[in-house]
Structures are given as structure tokens and as C-alpha cells.
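Quick notes on the structure that follows.
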Amino acid sequence: MPECRAPSSYPKLPPESRRADAIRPHPLFDIQFRHGIGIYMQMEYLMPPIDTKLVKAHIARYLPVIHTISDVSRALGVSRETLRKSFLRTEKISLRHYIASARVEEMKVLLRTTSLSCMAVCLQLGCREDVGARLFKQHMGITMQEFRDGQ
């Protein structure tokens, strides 16, 4: 099998740019060239800032019908990745974990203030009983019934 080689017409890179740790930023954009071949581009400077207060308010209002990050992004009219990265950058917590913790906080309120069964609390927040019970146990370290009995 013949050996694949780059044509000799390609420009030769200086030896210092061929080092494994050499990264040269592009002067106009946030583009980095590694080894003169691959390009890694960060376009965060082009992303409009996302108001995380609006995201949090939407999650709080529509928590029972929000199941994925895509549900939130569709409602707010931004891409899933833009929302996920922007939320993580500003809030220092992933959007998935924020939704889960908001769901657990709402479960705690319902368990304290109502006499609904654990299954009804989970269903009211838009998740199956086993999923809600597992989520609550992961976040709180105790079951929903133990939480209710301790209050």
C-alpha cells in the first residue's frame, strides 16, 4: 500500500509551531491552530447573552412539563447547546442539575404542605414515581416518606 504524504506545495511550518504544545491564536478570531492542521474554534463571543433569570423563571413555572433541556430551549427560542453552555458559564451548575434540584425543592414543598401521597407528588411534578423517588433520594439522602415523617 502506498504511503500517504502531503504534497510538497503545502507551506512548511517553522519547527517551533510543530511542537506538541504549540498553539497559535488567530489575530482576528478566537481560533487556535494545533500543529498547523486542525482548527478549534470557540464562537462564544458571537453568542448573545442569555438571561438566566428568565430561564429559571420558565423552569419554575413549567416544571411539570419540562423533561429535557430541549424543552426549555424550544420554549425560549435558542439552541440546546447555546442554552446549556451559557447557563453553565453564568450559573456554575449544569442546566440538567438545576432542573433536577428545582424538581426536588418543589417535592420538598409539596411533601411539607400537602397530604398528597409520594406517587401523587411525583406525578404532579411530571415524573413517574420511581424516577421521582430515585431523584429525591439522590439529592436528599433519604426517601420522601422519611422526609415527610421527619418534618
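The values are calculated or read from the model by the stated rules, or taken from the named source; none is laboratory data. The structure presented is a predicted model; accordingly, all values stated were derived computationally and were not measured. Ideal geometry is used to build each Cβ from the backbone, glycine not excepted, and the neighbour counts take in all protein chains shown.
Here are the numbers for this structure:
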| read-out | value |
| --- | --- |
| Subset of segment 125-136 [in a helix (DSSP H, G or I) and within 13 Å of residue 108 (Cβ to Cβ)] | 132, 135, 136 |
| Selection from segment 62-107 of residues that are part of a helix (DSSP H, G or I), surrounded by fewer than 14 Cβ atoms within 10 Å (Cβ to Cβ) and more than 15 Å from the chain's Cα centre (by Cα) | 64, 65, 105 |
| Unmet criterion (only one of (1) charged (D, E, K, R); (2) closer than 20 Å to residue 64 by Cα; (3) touching a residue at least 24 places away in the same chain (Cβ under 8 Å)) for residue 130 | (3) |
| Unique match (being under 30 Å from residue 151 (Cα atoms) and touching a Phe, Trp or Tyr at 6+ places or on another chain (Cβ under 7 Å)) among 63, 95, 135 | 95 |
| Filter result for the condition that a residue is at pLDDT 90 or above, of a type in the set (Gly, Ala, Ser) and surrounded by fewer than 17 Cβ atoms within 10 Å (Cβ to Cβ), over 133, 57 | 57 |
